[in-house]
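These notes are about the structure you will find just below.
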Amino acid sequence: MSAAVSHYSKGFWQLTWRRLAMDRVGVVSLIIVLMFFMIILFSAFGLIASDWNHEVAINDAPPDLWGILTDKHTSVIQPSSNNTLSEISEPLPELSVVDPLAEDIAKLRTPIDFSSHIIDPLADTLRDIGYSQYVSTDPTTIEKRTSLPFGGDRWGRDVLKKTIKGTQTSLFVGLTAALLATFLGTLFGAFAGYYGSYIDDTLNWIYSVFNAIPYLLLVLAIAAVLQKRGIATVVLILGLTGWTGVFRLIRAEYMKHRAREYVMAARAFGVSSLRIMFIHILPNVSHIVLVEISILTVAFIKSEVILSFLGFGVAVDDVSWGSMLNDAQSELILGHWWELVAAGGAMALLVTAFSLFTDAIRDALDPKAQGAGA
């Protein structure tokens, strides 16, 4: 007796995954994007780069890719017992010639005890914001590295950890703003395309107003008016202004689908309009929504970098690729290139991988191409 052979038709998403798996560039891009998501996930839970703002090296420590960090610079901090002003003393070089100021310099070599003279007014504040090591009751020795794998910034912070934390900020802003913009564009496009009439006219008028103003100019104008820096502000600015492209595409798709047989049959059975819009039609246009999320994520990452670079983005106590590039422009004049390369390289890698992945998933979701491949 011969074994029964089951014949079945592959589903839409099965065909999509098969076509995507055959695209080598798309698979490599997907792996790179997933690696970035894993990095920001670990960073969000504090597993890596949680101490990105700690001063672990000397100012503008050069990069040392081999990790040879045996040479260290030591700073001795000697605070007093009642939170008074501390004195950081370092040995001065020996003088090889007679110097009329030698006696004065020799006096400066002896640490001065300010405990009985000056009370530090910032002791409590420093303790509250996390700098308790500067107001400790015990003498403390802090060792600062002279080099780091990816170098240090002008404050002695690790550029690699700053880049990881900046990746978390930029990618979170880009993805969250893209989800918000796609949600609004899909919602408005569904109502405009399905109902038509005055609802379509009103939403098209709003679309025309937003689309008439250059996007970057609109974003900068809103950011300047709000005058409130922060991740939430950037997400709202980008999400509330970037839905127009999604609206145009979804509106056209709903206008096409509302006249098809399955929609007319659903109406004949008395199915509500909202159920037809979001249960019957939306799954058939979900591939467009998915592609638009990918496209907008890349666009919003670039927009966030521009906003932060110009000073309208994240707050001063946070870090993103844009703020790193802003800091790097003054360091580049001094020949300190490593922060610029780290932030620019991470951004270029993610944006390129995300763009290639978007092209691959767009080809995989193309129904005509899937029909040819099936």
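Values as computed for the structure displayed
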item: Search result, residues across region 229-243 that are assigned to a loop (DSSP other than H, G, I, E, B) and surrounded by fewer than 13 Cβ atoms within 10 Å (Cβ to Cβ); result: none
item: Qualifying residue in region 287-310 (condition: in contact (Cβ under 8 Å) with a residue 12 or more places away in the chain, loosely packed, with under 14 Cβ neighbours inside 10 Å and either more than 18 Å from Gly152 (Cβ to Cβ) or out of contact with any Leu (no Cβ under 8 Å at 6 or more places or on another chain) (or both)); result: yes
item: Residues located in region 184-199, provided they are closer than 11 Å to Ile250 by Cα and among the hydroxyl-bearing types (Ser, Thr, Tyr); result: Thr186, Tyr194
item: Boolean, Ser355 is under 26 Å from Leu240 (Cα atoms) and surrounded by 20 or more Cβ atoms within 10 Å (Cβ to Cβ); result: no
item: Leading residue by the ranking (surrounded by the fewest Cβ atoms within 10 Å (Cβ to Cβ)) among those in region 311-329 that are over 25 Å from Gly245 (Cα atoms) and hydrophobic (A, V, I, L, M, F, W, C); result: Val316
item: Filter result for Leu216 (within 20 Å of the chain's Cα centre (by Cα), in contact (Cβ under 8 Å) with a residue 12 or more places away in the chain and exposed (fewer than 15 other Cβ atoms within 10 Å of the Cβ)); result: yes
item: Subset tally (residues that are in contact (Cβ under 8 Å) with a residue 40 or more places away in the chain and of a type in the set (Gly, Ala, Ser)) for region 270-286; result: 1
item: Residue that is modelled with the lowest pLDDT [pool: residues in region 200-229 that are on the phi < 0 side of the Ramachandran plot and polar (S, T, N, Q)]; result: Asn211
item: Within region 184-199, tally of residues that are surrounded by fewer than 18 Cβ atoms within 10 Å (Cβ to Cβ), at pLDDT 90 or above and farther than 17 Å from Glu292 by Cα; result: 3
item: Region 151-164 - residue that is in a helix (DSSP H, G or I) and in contact with an Asp or Glu (Cβ under 8 Å, 6 or more places away or on another chain) and, of those, surrounded by the fewest Cβ atoms within 10 Å (Cβ to Cβ); result: Lys161
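Yes or no, residue by residue, for (1) acidic (Asp, Glu); (2) modelled with pLDDT under 50; (3) surrounded by 15 or more Cβ atoms within 10 Å (Cβ to Cβ); (4) closer than 30 Å to Leu365 by Cβ:
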{"residue": "Val27", "(1), (2), (3), (4)": "no, no, no, yes"}
{"residue": "Ile32", "(1), (2), (3), (4)": "no, no, yes, yes"}
{"residue": "Ala49", "(1), (2), (3), (4)": "no, no, yes, no"}
{"residue": "Val97", "(1), (2), (3), (4)": "no, no, no, no"}
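Okay, residues lined up against (1) out of contact with any Ser or Thr (no Cβ under 6 Å at 6 or more places or on another chain); (2) assigned to a helix (DSSP H, G or I); (3) without any contact (Cβ under 8 Å) to a residue 24 or more places away in the chain:
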| site | (1), (2), (3) |
| --- | --- |
| Val173 | yes, yes, no |
| Gly193 | yes, yes, no |
| Tyr207 | no, yes, no |
| Asn211 | no, yes, no |
| Val225 | yes, yes, yes |
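The values are calculated or read from the model by the stated rules, or taken from the named source; none is laboratory data. For clarity, every value in this text was computed on a predicted model and none was experimentally measured. Virtual Cβ from ideal backbone geometry, glycine too; neighbours counted across all protein chains shown.
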